[in-house]
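The values are calculated or read from the model by the stated rules, or taken from the named source; none is laboratory data. Not measured: the values here are computed from a predicted model. Please note: Cβ atoms are built from the backbone with ideal geometry, for glycine as well, and neighbour counts cover all protein chains shown.
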Amino acid sequence: MKQLLTIFCFLMTFISGMAQDFRPVFHYTPPQNWVNDPNGLVYLDGEYHLFYQYNPFGNKWGHMSWGHAVSKNLVKWETLPLALPEYPNSDGTTTMVFSGCVVVDSLNTSGFFEKDFHKGLVAIYTSHIEGKAQHQSIAYSSDKGRTWQRYDKNPVLDLGMKDFRDPNVIWYAERNVWIMTVVKPLEYTVQLYESKDLKTWVLLSEFGKQGDMTKIWECPSLTKIPVEGKNQYKWLLMISSGHRQKGYLAMQYFVGDFDGKQFVPQKQDEILYVDEGKDFYAGIPFSNLRANQKMPIMIGWVNDWEYANDIPTGKTWRGAFSVAREMALRLTPSGYRLIQKPVQALQKVGKSVLLAKNSIISSVWKVPFQGYSYDLILEVQPQKAEAFSLRLFQSGQEATLIRYDVASQELSLDRTKSGLVDFHPRFSSIERVKVPLQKGKLHLRILADKSILEVYVQGGEKVMTDWVFPTKSEGEIAILAEGSSIKVNTLSIRTF
Ligand code: FRU
């Protein structure tokens, strides 16, 4: 018996010291294979659809097709069979189904559906023929996206270019037209088209050659968005492009007005980024949200093309999606700024525990919690301290460090000692963003999920999303004060 117990204890120590399972719990990942951009985020009849760039045959980019998942609450997702596979052409080439969107054609403007059927879905995607062409094509579904028919007169928009992609379509009710944003990636140009039937597209205007042009432009979207606390709407143009740290990828945004034909941005004296981490890209908003859902909701791809094909999750799956985020604008002295918050439904899952209230920390506090998947809320008053930090996913020397430096007002996320970092020379990094204290306080909400960290700062004024790959499994949390003591107004953790 004693021997058995010894073996059991040895096994337990061995298992708990073993490498982590990186698969997140509340971020969607497909059961297997490679994913990139979310495509066709659409709500219909109680179901949120997440279509996405998917390789049905492997765990690296290739054979691009649309995968499909659905959710009733935007938190728990169910994977459905492949929606739009790549397809062969008569000349022996193959068309890959690149990024795009899905709209509900409730007025049957396309004529694809039976009379009086108001639930027809139309997918607008880039038909990509490797090395040859990119044009926009459409497909339609009468059974809530379970099966699709490609339009027999595709493509519907072709400029004869090799790089012309990622259509995103909205319904512009004031003029009863569909509006498409689509990019010429190498020209840093978004084109706006209109259509009455999703088949014939007429160019309205162009926007571009400004903002971040350190990388090509991809995945544009134009969205009507409310201004916090005011009865006012503006227009948000998001583009996937370069990062504040040169060479990486991120999303930038412009805020402005749209008269149904042209987007005119507000004057802005800095480049505005949606997410300051390395791993948030190709995000697009949901289409056809319920009328009482005033704030647009977006999901992004958690990854960076710089190393996306090499992240060490690859044995079964590779790539993930962010949690769904609600978006609004906040009017600040420097102009309108994007605010993002995880959808409220996330708060309804799991159990929250209050771990500290008005506590003073003079040097280090080891939080009485261990884990790798949680939703943490921390509000700190640094008082006279020079800095404070939060060590997450800590086991011995391994930890991810989130640190706030009071003098420079800089928040950093350091993943250089977070676990596996050597799988790609571009992975190990420190993200930095300037965020002033508000009334002497810093508010952090951290969604930690096995290998994904989404850090929402000051109620979503700034967000940082990063992969980290912890190899150990103690999952401790510590809070450190530097220079002088800090006051933790609140610390609560919700587990799933
Ligand atoms: C963005 C992107 C898109 C393209 C798709 C291909 O990540 O490069 O521009 O449509 O991925 O998978």
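A few notes on this one:
- Positions within the range 309-366 being of a type in the set (Ser, Thr, Tyr) and in contact (Cβ under 8 Å) with a residue 24 or more places away in the chain, in sequence order: Thr313, Thr316, Ser322, Ser334, Tyr336, Ser352, Ser359, Ser362, Ser363
- Selection count, the range 310-337, where residues are within 16 Å of the ligand (Cβ to nearest atom), of a type outside the set (D, E, K, R) and closer than 22 Å to Ala69 by Cα: 4
- Some residue of the range 147-165 being in contact with a Pro (Cβ under 8 Å, 6 or more places away or on another chain), within 17 Å of Val42 (Cα to Cα) and modelled with pLDDT of 95 or more: no
- Scanning the range 274-308 for residues that are outside any loop (DSSP other than H, G, I, E, B), of a type outside the set (S, T, N, Q) and over 12 Å from the mean Cα position of the chain (by Cα) gives a single hit, Ala308.
- Only one of the listed residues (Met18, Met12) is assigned to a helix (DSSP H, G or I) and at pLDDT below 95. That residue is Met12.
- Residue ID - farthest from Val156 (Cα to Cα), chosen from residues in the range 169-201 that are of a type in the set (Ser, Thr, Tyr) and within 16 Å of the ligand (Cβ to nearest atom): Tyr188
- Qualifying residue in the range 291-304 (condition: among the small types (Gly, Ala, Ser), without any contact (Cβ under 8 Å) to a residue 24 or more places away in the chain, more than 16 Å from the ligand (Cβ to nearest atom) and surrounded by fewer than 17 Cβ atoms within 10 Å (Cβ to Cβ)): yes
- Being at pLDDT 95 or above, of a type outside the set (Ser, Thr, Tyr) and more than 16 Å from the ligand (Cβ to nearest atom) is a description that applies to Phe263.
Yes/no per residue for (1) more than 22 Å from Phe321 (Cα to Cα); (2) among the aromatic types (Phe, Trp, Tyr); (3) surrounded by 14 or more Cβ atoms within 10 Å (Cβ to Cβ):
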{"site": "Lys115", "(1), (2), (3)": "yes, no, no"}
{"site": "Thr126", "(1), (2), (3)": "no, no, yes"}
{"site": "Gly145", "(1), (2), (3)": "no, no, yes"}
{"site": "Lys153", "(1), (2), (3)": "yes, no, no"}
{"site": "Asp163", "(1), (2), (3)": "yes, no, yes"}
{"site": "Pro167", "(1), (2), (3)": "no, no, yes"}
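- Residue in the range 273-281 that is in contact with a Cys (Cβ under 6 Å, 6 or more places away or on another chain), closer than 20 Å to Ala324 by Cα and either at pLDDT 95 or above or away from the ligand (no atom under 16 Å from the Cβ) (or both) present: no
- The criterion of being farther than 22 Å from Gly371 by Cα, at pLDDT 95 or above and not in a strand (DSSP E or B) does not hold for Pro470.
- Within the range 187-222, the residues that satisfy the criterion of being among the aliphatic types (A, V, I, L, M) and farther than 16 Å from Gly283 by Cβ are Leu192, Leu198, Val202, Leu203, Leu204, Met213, Ile216.
- Residue selected from the range 202-222 under the condition buried (at least 22 other Cβ atoms within 10 Å of the Cβ) and within 20 Å of Lys261 (Cβ to Cβ), by the criterion nearest to the ligand (Cβ to nearest atom): Pro220
- Within the range 129-168, the set of residues being within 19 Å of Tyr52 (Cβ to Cβ) and within 16 Å of the ligand (Cβ to nearest atom) comprises Gln134, Gln136, Ser137, Ile138, Ala139, Arg165, Asp166, Pro167, Asn168.
- Residue satisfying all of: in the range 241-272; in contact (Cβ under 8 Å) with a residue 60 or more places away in the chain and assigned to a strand (DSSP E or B); surrounded by the most Cβ atoms within 10 Å (Cβ to Cβ) among these: Tyr253
- Counting only strands (runs of 3 or more DSSP E) wholly contained in the range 63-108, the ones carrying 1 or more residues that are among the charged types (D, E, K, R) and either touching a residue at least 24 places away in the same chain (Cβ under 8 Å) or within 15 Å of Leu50 (Cβ to Cβ) (or both) occupy 77-84.
- Candidates Lys417, Lys351: the one that is modelled with pLDDT of 95 or more and either surrounded by fewer than 18 Cβ atoms within 10 Å (Cβ to Cβ) or in contact with a Phe, Trp or Tyr (Cβ under 6 Å, 6 or more places away or on another chain) (or both) is Lys417.
- Against the conditions (1) of a type outside the set (A, V, I, L, M); (2) out of contact with any strand residue (DSSP E or B) (no Cβ under 6 Å at 6 or more places or on another chain); (3) at pLDDT 95 or above, Ser205 satisfies every one except (2).
- Checking Val102 against (1) within 15 Å of the ligand (Cβ to nearest atom); (2) in contact with a Lys or Arg (Cβ under 8 Å, 6 or more places away or on another chain); (3) closer than 25 Å to Glu326 by Cβ, the condition it does not meet: (2)
- Among (1) in a strand (DSSP E or B); (2) out of contact with any strand residue (DSSP E or B) (no Cβ under 7 Å at 6 or more places or on another chain); (3) not small (Gly, Ala, Ser), the one test that Gln347 misses: (1)
- Members of the range 314-323 found to be under 18 Å from the mean Cα position of the chain (by Cα) and either of a type in the set (Val, Ile, Thr) or surrounded by fewer than 24 Cβ atoms within 10 Å (Cβ to Cβ) (or both), listed by number: Trp317, Val323
- Residue match in the range 62-80 (condition: of a type outside the set (D, E, K, R), more than 14 Å from the ligand (Cβ to nearest atom), over 25 Å from Phe321 (Cα atoms) and surrounded by fewer than 20 Cβ atoms within 10 Å (Cβ to Cβ)): no
- Pairs where the first residue, in the range 392-406, is touching a residue at least 40 places away in the same chain (Cβ under 8 Å) and surrounded by fewer than 18 Cβ atoms within 10 Å (Cβ to Cβ) and the second is of a type in the set (A, V, I, L, M, F, W, C) and in a loop (DSSP other than H, G, I, E, B), C-beta under 8 Å, 6+ apart: none
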